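Notes follow the structure.
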Amino acid sequence: MRNKCGLRNFTDRTIPIIADVIAFIKIMKIQGTDADSDKISQDCFHEEPITENQRLKNLLLCMRCESKDANVLFLPCAHHRMCTDCARGIKTCPVCQETIQTSVQTFLS
């Protein structure tokens, strides 16, 4: 199910895929920094800033060890939820159970 901005409605256990993150970034770029952007944000996103901040921080942690940053992108599903140590030897994505064809180490700057 999608909201009026075209993004999927997430629950606390939903993990966004890369397409959702890209859509979110595009919406944020369209909004800019002017005062009118607040109306768009309120219409598209209903989380309190502190709740959203904590949820986003948790998405950056490895879903297995929960201590290191998630820095492996599984392909073709594009889930990004494990660190390099925990992702070693993984054959199926722990999020969607799709067979992993390849994985890519990512770096956040």
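Peptides 53-63, 96-106 ranked from most to least packed give 53-63, 96-106, packing being the mean of other C-beta atoms within 10 angstrom over each peptide's residues.
Under 5 Å from the amide H of M82 lie the amide H atoms of M63, N71, V72, each residue being 5 or more positions distant or on a separate chain, with H modelled from the backbone and absent for Pro and chain starts. For region 67-72, putting each phi into the Karplus relation 6.51 cos²θ - 1.76 cosθ + 1.60 with θ = phi - 60° gives couplings of 10, 10, 5, 5, 9, 10 Hz, in residue order, rounded to whole numbers and with x for Gly and Pro.
None of the figures in this text is laboratory data; all of them are computed from the coordinates on show. These numbers were taken from a predicted model, which means no experiment stands behind them. So basically every Cβ, Gly included, is an ideal-geometry build from the backbone, and we count neighbours across all protein chains shown.
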